[in-house]
1. If you go through segment 12-35 one residue at a time, do you hit one that is over 19 Å from ALA81 (Cβ atoms), part of a strand (DSSP E or B), of a type in the set (Gly, Ala, Ser) and free of Cβ contacts under 8 Å to residues at least 40 places away in the same chain?
2. Mind counting the residues in segment 56-77 that are touching a residue at least 24 places away in the same chain (Cβ under 8 Å) and surrounded by 12 or more Cβ atoms within 10 Å (Cβ to Cβ)?
3. Under the condition of being without any contact (Cβ under 8 Å) to a residue 24 or more places away in the chain and loosely packed, with under 13 Cβ neighbours inside 10 Å, which residue from segment 36-55 is nearest to LYS76 (Cα to Cα)?
Amino acid sequence: MAVKIRMTRTGANKDISYRVVATDSRCPRDGKNLEVIGWYDPKKKGINFGLKMERIDYWVSKGAQVSDTVKSLMKKNRKAAKASA
């Protein structure tokens, strides 16, 4: 089973938000997922996402592939953590 870390769409029409999930790569975008590991709200100003980095690191250590969009969120998260430290 190939695991991917990607986003799944939630919310209503014209009021979307996303969850960052670990899922089987064969499942559809909004299908069954293994674990919810974050969220992203493009409408919100300022910090508009939250990630469980320890769970993402766990899945990556098990061989999970990370989507480009989630990679950019991870980069922003690490940059924000470094700035606040």
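Each value in this text was obtained by applying a stated rule to the coordinates, not by laboratory testing. Computed from a predicted model, the values in this text were never measured in an experiment. Counting neighbours? That spans all protein chains shown, and the Cβs are built from the backbone with ideal geometry, glycine included.
1. Yes.
2. Here the count works out to 12.
3. Ranking the qualifying residues of segment 36-55, first place goes to GLY46.
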